[in-house]
Amino acid sequence: MTESELIQQALTIVAALVVPGLILNWVSGLRLPWAVAAAIPTTCGVVGFAGWLLSRMHVLFNLTNVGYFFAAVVGLAALWRLMFIVGRLVRRRKAKTQAEAQPDAGADAEAEKPRWWRQWFSNGSLFDPRWILPGAGVIAGAWVLIQRLVELYAKLPNQMLSIVQGWDVHWHASEVRYIVEEGMADSTRMGEAHNLDGKAELFYPSGWHAVAALLSDVIDVEPIAALNWMNVILPSVALPLSVALIAWRLVGNRGLVAQIAAGSSAALVICATVLYWIPTYVGMWPYLGSISMVGIVAALFMSVPAVPIRMFAAVVGFIGLVIMHPAPVTIVIVMLGLWWLFDVLWRPTRTSQRENRFVGGLLVRLRDFGLLAIAGAVGIGLLLPQLLAGVGQSGDVQAVSAYEDITWSEAWYKTFFMHTRHVGEFKGMEDWLWLLILAGFGAVALLLWRKNIWGPLFVLISALLTVNSLKALPTPWNQILDTIGGLHYGTAHRLVIPVAMFLFAYAGVGFAVLVRLAFAGMIKHRVWSKISAVLSVALAVGLVAWYQPMAVSSVTKGSKWVVEGIYGSNMVNAKDLKAFDWLAKQPKAYDGLIFGEHADGYGWMYAYNALPSVSRHYLWPTLAKDAPTHKIHNSAYLIGAGNYGDPDQRNLADDAVDKLGVNYIFISPPNFWHFQHTNLELTVKTATAPGLTLVYRDGLIRIYAVNDHFTDAELRKMRSSGSPEELPPVSEYHRPTKPATPVPGKEEITKRDAVERQRDDAIARNDRALLRH
């Protein structure tokens, strides 16, 4: 595809992510600008929750059924809005009755009644000019990200069908394929996709994968392409939106400072290495999708006390964020907690009309807190079955740590200058002093002008979490911080993201304040205020338009390094793809399972063309001690080797391939990590397995067929159907025909002395030609 065709496809995906959420938000009561801003979390919330609910109802997850579910949710949103409309009509009737009892007051009210068309120009409405600058900044920020990524993908040999050479994305691709093939997107049932041998339970957040699976249907692309597009579009749009809305809420009003701050900060997101580029490089794609929406969801929640009708959209957006990855919800909770404690508690959204000021003040504060608490409780309540399923696995996540051998000053420097993992290799913008100066000025300005305390406190807490992940703080502070940081895998390159978001937002505020000061925006004069506003907008737009190309150029080399780095060939190369395509045409390729080494990337065949690999995750599956997978992994070379001295007797390896339904063994070295030892029993020694026949060879790639599952004619046809390299002759296709008959004094062949096996392995490992590293 050409770049222009890819851009068209990108815009289609933007529409697919935005339009459903926009419709639902608008129906539920949000005005159009807010409906657009909060659309992506809402879309993700509906799709992700549908994945769980449809599974509980034993209904297939597909575009049609999700469409029906969406229509039902729109109906609920309409009822929600109707409730507020009825309430408003009741209040108007009551006010009219009171006005009729006081003729003079009624006349004044009638005279002041606004015309119907003015609602389109009121605060937050479609033609409210306050949204122009923030909207333009978000569009500019999203556009340069998408454009740069499309430019890079267009140059890849397989473009959007390119396979990521990384562990994490291997699983994400497998999960998307599984949802497409099986019609099941329930986070609590992902063991069915990962633990094929025994179906042990597994919780894995599936919202991101569910949306990607539907995208593959909407735009008619393969799951791998949908996976890549999902990581291109969602964060490219959501990150500028989040940063803009954080800046908007930091200022806390709709004035020109807030507008300029939101627009300018959003436009420059592309140059923040730690926001998009490093998360993409390390493969934390669903986490990136979730955390890129934190500013949107938090800002929407912050508007609920003042505009309660937004609660419906806030709950759905909250679900969308959590169901993609639950860890970033801690960011939203901390933001809301600090905002309520240090802002709304002291400046409630309403003024009490009660004579008793203490009681009135208490009630309005309780109302604000209650609305936030109810919205959060409803969201958590709807997700509770899934969250409870994942509680047991949180310990594995929190056990991860990534401390570095650095000083305290280096830890603080790495945090505020955003020099965490891989940033040095990216070689992007390294001198962030300008950003810190602008952000510091913006923070001080808001502290003095708007009495904003919650923002600096949030930055401090986020920075402490990041520093603690680099160098453990003294006890008990490290333990306290680990309760939150551990949910983010305790890694600085994740925990620094909210720090970066707020630094960019605060820098936008600092820039906006300087622009307004330059034209004396604080002077309240009818004529000068308008002149100052026009000049401020012109200068702000001009400066951002001048600097944005430099921000884009700062990531030119680094972005190329990211994309070319993750789409290399260390796990899956052209020969692997050729072998996948060949195997897909062979008998019983889709009727059973295909075994291999989980660490060498062969499992990408499942995401690529739905070949049923046993390995679909970079992690070893959860298995029973006597599971067939263990036996095949440890004793594949003994398939067909006989038992108790009789070559025709079956052994436990033969039974294992039958029980698991393995028809082929696919060997594709090397392993992903240098520290992963070569499993000789599965790789090197399989060449001598009497019950396996080599049917395909291309360099290091070998495909073996299980003799017992094919006829001689099928095996001969496979061997003559296109192996790139000549195959050694086979005199017979050996198949054990006798059941195992134990012989006193002899051990079952697969249980032979472990010392003997280790000795054989040691001898083989000394031969470097056999090693795959």
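We did not get these values from a lab; they are worked out from the coordinates using the rules stated. What you are looking at is a predicted structure, and each value in this text was computed from that prediction instead of being measured. For neighbour counting, all protein chains shown are included, and Cβ atoms are generated from backbone atoms with ideal geometry for every residue, glycine included.
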Can you find, among Y644, L464, F580, the residue sitting farthest towards the positive end of the charge dipole of the chain, where Lys and Arg contribute +1 and Asp and Glu -1 at Cβ?
L464
When the Cα atoms of the stretch 265-310 are enclosed in a convex hull and the volume is divided per residue, what value in Å³ results?
78 Å³
Determine the distance separating the Cα centre of the stretch 512-560 from the Cα centre of the stretch 452-497; give it in Å without decimals.
33 Å
Treating only the Cβ of Lys, Arg, Asp and Glu as charged (+1, +1, -1, -1), what charge dipole size does the stretch 574-720 show about its Cα centre? Round to the nearest 20 debye.
380 debye
Given R₀ = 35 Å, FRET efficiency for M83-L517 by Cβ-Cβ distance, to 0.05?
0.15
Within the P(r) computed for the stretch 574-720, what percentage of the Cα pairs occupies the region above 24 Å?
25 percent
Tell me which chymotrypsin sites (Phe, Trp or Tyr not before Pro) from the stretch 670-752 have a DSSP coil assignment and no more than 12 other beta carbons within 10 Å of their own.
W673, F675
Restricting to the chain, compute how many DSSP beta bridges are antiparallel as a %, nearest 5.
65 percent
Helix axis angle, 39-56 relative to the chain longest principal axis, alpha carbon, degrees:
50 degrees
For the chain, find the longest principal axis of its Cα atoms and tell me its angle to the long axis of helix 754-765, 0 to 90°, nearest 10.
80 degrees
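Please identify the trypsin sites (Lys or Arg not before Pro) of the stretch 655-755 that satisfy two criteria: DSSP loop assignment and at most 14 other Cβ atoms within 10 Å. Which are they?
Values: sites: K659, K685, R697, R702, R716, K717, R719, K746, K751, R752; in loops: K746, R752.
Those satisfying the criteria are K746, R752.
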How far apart, in nm, are the 7 Å Cα→Cβ label points at L619 and K575?
3.2 nm
Where nothing but the Cβ of Lys and Arg (+1) and of Asp and Glu (-1) is charged, how large is the charge dipole of the chain around its Cα centre, in debye to the nearest 20?
3540 debye
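Any chance you could run the full-extension gain for I453 through N123? It's 0.36 nm times the residue separation minus the Cα-Cα distance, nm to one decimal. Don't jump to the answer; show the numbers that get you there.
Working: separation 330, 0.36 × 330 = 118.80 nm, distance 2.61 nm.
Result: 116.2 nm gained on full extension.
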Among 607-613, 42-48, what's the highest-first ranking by average C-beta atoms within 10 angstrom per residue?
42-48, 607-613
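May I ask for the Rg/Rh ratio of the chain, computed from Cα atoms with Rh as the Kirkwood radius, given to two decimals? Spell out each step's value before the answer.
On the way: Rg = 30.3 Å, Rh = 28.9 Å.
For the chain, the value is 1.05.
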